Structure formats: structure tokens, C-alpha cells
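Participant: This is the structure I want to talk about, given as C-alpha cells.
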Amino acid sequence: MALLVSVLEQGLCYAIMALGMYITYKILDFPDMTVDGGFPFGICLAVVMIRAGVQPILTLPICFAAGCLIGVCTGIIHVVFKVRDLLAGIIMMTGLYSINLRIAGRANLPMYDYYTIFDNRLMNGIFGAVPGLAKFQSVIILVVIVAVVKLILDWYLKTRSGLMLQAVGDNDVLVTSMGVDRGKVRIIGLAIANGMVALSGSIYAQQQRYFDVSMGTGTAVIGLASVIIGTALLKKLSFFKVTTSVIIGAIVYKACVAIAIKCGLQSTDLKLITAVLFLVILIITRDRKRKVEA
Amino acid sequence: MLELKSIYKNYNAGSVNEMCLFDDFNLTVPDGQFVAVVGSNGSGKTSMLNIICGSIQADRGEVLVNGVNIANQRDYQRHRTIGRVYQDPSKGTCPSMNILENMSIADNKGKRYGLQSGVNHKRKDYYRELLKGLGLGLEDKLYTKVGSLSGGQRQAVALLMSTMTPLEFLILDEHTAALDPKTADIIMELTEKIVREKKVTTIMVTHNLRYATEYGDRLLMMHEGSVILDKAGEEKKNMNPEQIMHLFNEISVECGN
């Protein structure tokens, strides 16, 4: 039971990041490595702000906005300076590593004694009132947050701006034909995606209650794996919305990692598990083949 | 009125493969004219369209629309008043979206792409009516993904989409070339209908000599970056495909020598 709760907590934290990567990887066809820097950027920003006395709930919109700015930077590097997508992301990811260290001031920063969105007077009051519910406090709060984010994303993708975003990944010639600057649409997409990644980081920060500079390594791989599991799942279960299946993908992925560790691997093997699992998923779903052909 | 004035265009400038395509190229198309353009491969037809639309930049020269030079405008800015249909049917539509979403995107052209609802359900009947005009049975397939339609159906939707909003020019770049003869005929009929209804200035590049003589008010033949035949009005009506074919052969013989 404890394992299930922990898997759900981790999976839901990463789910918002995976939704962001769904925008870049699936909609824009842009493998965005910025995430490896953007996720810990959200974490350290949230930790620093909470330590400075900012309301935990306020760190969420602030981190989203800051993440949007990062996305805009990646977009400008790619669209204006015509740097290849993968390289644009790697440049940002590398630069963000130092920026994160600057913001945090050191390589790791705990905040065990501070209130978070999961642990505060209001929430403790609500969940404390019902016996047995306290165990699921974080999970339930996460479900609500993830559901809200998902619904907002679903709504956005149906707006004119959202349709344009989908069109630019699908057929950017059409976007030009419609008199719209496809570069601008790409930048908007990257901004929203990276905003969600940083938002996800700020939530993860409050669940883990510390920042470590190495926390970001492999985030992009986790995100991509979640998206690929999610979309592969969608082919079998088409009554799900794609955003829902990406969220499920993130949870399934975290469950796989948890099982691997349960089977005797050590937590120091985590990144290796992450990498191997991603490879296995790629091979099983054959997503890479479609990419190569296209 | 569309004017191309003293257009120069070199490909691969400065390399051994340097090729001069346009050397002082001029063309004037009055409002409402339907121009059919023929010519061999590499004669500069598509380059001409690309220079008008801004997909490629001319090295020198002016592109005037109603007297205003648009040569410095970006491609997407020019497309606000230009509708374009490509040879490749997949270029005019979004394959992973359904017909309704595709038509909604086209319907919103020129408006702000903000946070308003992307699909206006009140316009569905209007879209159905437009699709019905195609006679391909697409009016019942509003929720079908465009990617699963045939090339001809997609091209018909693309043609509708490019002409849904008010436009100055319609640019047709071999838009029937990838279709089977019967579908091509349907698309061509449809093109004629739309051009006449909207009275839009149209430039159509085609390899089909029958279409070039049968449709349009003016016929241009291009060769090596210049116009070698320009017939309009009565003169054009008296042209037949054989005459053009004959001219084609003459050019080829010249090239052969």
C-alpha cells in the first residue's frame, strides 16, 4: 500500500511535466531537452521562495510563468537563430544547470520545516478530520491539481490558438497559408510546455521537500517515456483523451521503476533503470520506427 | 493588380552550379484575371509563384500588389490575402485533425488566433453546405480525420479552405497533378466555379495543356525564366492543346541542339 501511494505521488508529480512534453514531442515534434534544466529550475525556485516565506500555493503560478520564459528562450534560439531543436534544448539545459545553482546558492537545499501545498494548516485540518485519510493526503491533493491542469490543457487545445499549435506540428505550410507566423506559434508552444515542466518541478519540490542540483538529470527521458507509454496505451483504449493517457503513462512509468527497485536493484541504479526502461518502451511501441520513416 | 517588375533570381550564387533563372522578368496581372501558366520543368513557373508568395526571395526587383511593393514582407504576412493550393494534397490540410477543425482554422483566417473556441459550432451548417457543393459526400464526414481521406478529397477540402475567406489572389501550384484524371477534372471544375464566383485574381500553374487552354482568361508559356507565349481573350480561346504541344516540341528541339 505504501508503495502504491508512493508510486502515485511520484507519477502524478511527473504527470504535469509529461503533459508539457506531450506538447513539445507529440504536437510540435520537438524533442525538448530543456526539460532536464527546466524541471529542477522549478524545484529550486519553489524551495527558495518557500524558504523566503512565499505562500506555497503562490509558487505554482510563479514557477509556471518563469518556466514559460525559459520556453521562450529555447524557442528564440531555435526559431530566430535557427539552431536545431535538440541542440537548442541542450544549450538551455546546460545553461540552466548553473542558473539553478545560482538561485539555490548551493548544490542542495532542504525545506523540511516549512509548510507546503501538501502540508499546511488548512489541508492538515481537512484530512485530519477523517480517520485514515491522512495517508492519502498528498495523493488526493495531487489528483486535484493534475486534473485541473489537464482540464485547462484540454480546453486550451480546443481554442483557436490551441488549434494553431496542433496545426504547426501537423503541417506548418498550412499555418503559413493562414497568414500566421509559424515561428511564433512554436515559441508559444514551447513556452506553455516549459511552463508546465517548471510547474511540475515546483510541485515535486513540495512533495520531496528539498532541492538537489542533480534532480533534473533524466527528466526528459522520463517525460518522453510517459508520453510514449501514454500514446501507445491510447491506441488500445481509444475512449481515453490523449492527455489522460499521458498522465496514466507517467504513473505506469513510475510503477515500472518502483518494481525494478523492489526486485533488488539499488536506488543508485535509478538512472540506469530510467534509461533501460525508456529503451525497452521504445522497442516495444516501435515509436522510433515511425519517426525515422517520417 | 499584381505586377512583377525587373525580377532577378540566381540559384546557388557564387558556386559552380550557379544558375540564373530570372534575368529582368516582368509580368502584370490585372484584377480578376484567371491566368494559366504552362512550361517545362525548370522553366521558373513554381519559382515565380514562390517569389509572389514570399516562399523564396528574389535577388532584385519589385513585387507590387495594387502598386504597393510587398517584396520585403514575410511569407506569412503575404498569405493573409493570398490563398494557395499546392501540388501535394497533404500540404493544404492538417491530417491529424478532422474536417470540421480544418475548416474552422481556415474560417478563422485573418482573425486573431486567441483563446476563443477554435470550432464555431454555429457555422457547422455553413461548412456542410460548402462541402456539399463539392459533390464528394464529405458533408457527412465532418468528424473524419482529414488524414484518412483520399488525395482528391483532401485537395478539394484544401481548395475550399484556401478560398473561404476574402482574398486578393489565388495561387494554384499544379494542384491537379497528383490526382487521377477523373478527380482532377472534378477539382478543375470546382476551381473554375470558385474563381468565377469570387472573381478572384488567379494564377494557375499546370502541366495539363487541356486545362490550360480550356480554363482561364489568359495563357502564359514559360521557358528558361521568361514568358515566350502570352495569349489572352479571343486569341487564347482559339488556342488548342496541339498548338501548345507543338510549341513545346520546338523548344525541346532547340534545347537539344
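Participant: Have a look at B:Thr176, B:Thr202, B:Thr191 and point out the one that is assigned to a loop (DSSP other than H, G, I, E, B), at pLDDT 90 or above and within 25 Å of B:Cys53 (Cα to Cα).
Facilitator: B:Thr176
Participant: While we're here: Do you know which residues across segment B:65-85 are surrounded by fewer than 17 Cβ atoms within 10 Å (Cβ to Cβ), facing chain A (nearest Cβ under 8 Å) and either among the hydrophobic types (A, V, I, L, M, F, W, C) or within 13 Å of B:Ile51 (Cα to Cα) (or both)?
Facilitator: Result: B:Arg74, single match.
Participant: Any residue at all in segment B:123-134 that's farther than 12 Å from A:Met164 by Cα and part of a strand (DSSP E or B)?
Facilitator: Going residue by residue through segment B:123-134, those that are farther than 12 Å from A:Met164 by Cα are B:123-134.
Now drop any that are not part of a strand (DSSP E or B), which leaves none.
Taking every residue of segment B:123-134 in turn, none turns out to be farther than 12 Å from A:Met164 by Cα and part of a strand (DSSP E or B).
Participant: Let me ask another. Mind checking which pairs have a first residue in segment A:229-243 that is of a type in the set (Phe, Trp, Tyr) and a second that is part of a helix (DSSP H, G or I), Cβ under 8 Å, 6 or more apart or different chains?
Facilitator: Short answer, once both residue conditions are applied: A:Phe240/A:Leu233; A:Phe240/A:Leu234; A:Phe240/A:Ile248.
Participant: What are the pairs with Cβ atoms under 9 angstrom where one residue, in segment A:264-276, is in a helix (DSSP H, G or I) and the other, located anywhere, is loosely packed, with under 14 Cβ neighbours inside 10 Å? Sequence gap at least six, or different chains.
Facilitator: If the second residue must be loosely packed, with under 14 Cβ neighbours inside 10 Å, no pairs are left.
Participant: I would also like to ask the following. Out of the residues in segment B:48-64 that are closer than 27 Å to B:Val157 by Cβ and of a type outside the set (Val, Ile, Thr), which is surrounded by the most Cβ atoms within 10 Å (Cβ to Cβ)?
Facilitator: Ranking the candidates gives B:Met48 first.
Participant: Separate question: Return a yes/no flag: does segment A:141-157 have any residue that is within 11 Å of another protein chain (Cβ to nearest Cβ), more than 17 Å from A:Ser202 (Cβ to Cβ) and not hydrophobic (A, V, I, L, M, F, W, C).
Facilitator: Yes, the conditions are met somewhere in segment A:141-157.
Participant: Among B:Asp185, B:Asp180, B:Asp217, which is the only one that is acidic (Asp, Glu), farther than 24 Å from B:Gly233 by Cα and more than 14 Å from every other protein chain (Cβ to nearest Cβ)?
Facilitator: Matching residue, one of B:Asp185, B:Asp180, B:Asp217: B:Asp180.
Participant: Quick check on my filter: what residues within segment A:163-178 are over 23 Å from the mean Cα position of the chain (by Cα) and either surrounded by fewer than 20 Cβ atoms within 10 Å (Cβ to Cβ) or among the aliphatic types (A, V, I, L, M) (or both)?
Facilitator: Within segment A:163-178, A:Asp172, A:Val173, A:Leu174, A:Val175, A:Met178 meet the criteria.
Participant: Do we have any residue at all in segment A:31-52 that's among the aliphatic types (A, V, I, L, M) and without any contact (Cβ under 8 Å) to a residue 60 or more places away in the chain?
Facilitator: yes
Participant: Checking B:Ser96 against (1) at the interface with chain A (Cβ under 8 Å from one of its Cβ atoms); (2) surrounded by 21 or more Cβ atoms within 10 Å (Cβ to Cβ); (3) over 24 Å from B:Leu2 (Cα atoms); (4) not basic (Lys, Arg), only one condition comes out false. Which one?
Facilitator: (2)
For every residue, the table says whether it meets (1) in contact (Cβ under 8 Å) with a residue 40 or more places away in the chain; (2) of a type in the set (Gly, Ala, Ser).
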residue: A:Ile99; (1), (2): yes, no
residue: A:Phe118; (1), (2): yes, no
residue: A:Ala134; (1), (2): no, yes
residue: A:Val148; (1), (2): no, no
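Participant: Further, regarding this structure: So for segment A:10-28 (the condition being in contact with a Pro (Cβ under 6 Å, 6 or more places away or on another chain) and at pLDDT 95 or above), does at least one residue qualify?
Facilitator: no
Participant: Kindly evaluate B:Glu235 against the criterion of being modelled with pLDDT under 90 and surrounded by fewer than 21 Cβ atoms within 10 Å (Cβ to Cβ).
Facilitator: Yes: the conditions hold for B:Glu235.
Participant: Another question, if that's okay. Out of the helices (runs of 4 or more DSSP H) lying entirely within segment A:15-115, which hold 3 or more residues that are within 16 Å of A:Asp212 (Cβ to Cβ)?
Facilitator: A:35-51, A:85-104
Participant: List the number of the failed condition for A:Asp172; all other conditions in (1) out of contact with any Phe, Trp or Tyr (no Cβ under 8 Å at 6 or more places or on another chain); (2) at the interface with another protein chain (Cβ under 8 Å from one of its Cβ atoms); (3) among the charged types (D, E, K, R) hold.
Facilitator: Answer for A:Asp172: the failing condition is (2).
Participant: When residues of segment B:108-141 are filtered for being closer than 23 Å to B:Thr191 by Cβ and away from chain A (no Cβ under 14 Å), how many remain?
Facilitator: Final tally of qualifying residues: 15.
Participant: Under 9 Å between Cβ atoms, which residue pairs at least 6 apart in sequence (or on different chains) link something in segment B:66-94 that is at positive phi with a partner that is surrounded by fewer than 23 Cβ atoms within 10 Å (Cβ to Cβ)?
Facilitator: What qualifies is B:Asn66/B:Met1; B:Asn66/B:Leu2; B:Asn66/B:Asp31; B:Asn66/B:Glu168; B:Gly67/B:Met1; B:Gly67/B:Glu3.
Participant: Out of all the residues in segment B:48-56, is one or more within 12 Å of chain A (Cβ to nearest Cβ), touching a residue at least 40 places away in the same chain (Cβ under 8 Å) and not in a loop (DSSP other than H, G, I, E, B)?
Facilitator: yes
Participant: Inspect all residues belonging to segment B:102-121 and state whether any of them is among the hydroxyl-bearing types (Ser, Thr, Tyr) and farther than 30 Å from B:Gly147 by Cβ.
Facilitator: No, that holds for no residue.
The values are calculated or read from the model by the stated rules, or taken from the named source; none is laboratory data. Keep in mind that what you see is a predicted model, and the values were worked out from it rather than measured. Virtual Cβ from ideal backbone geometry, glycine too; neighbours counted across all protein chains shown.
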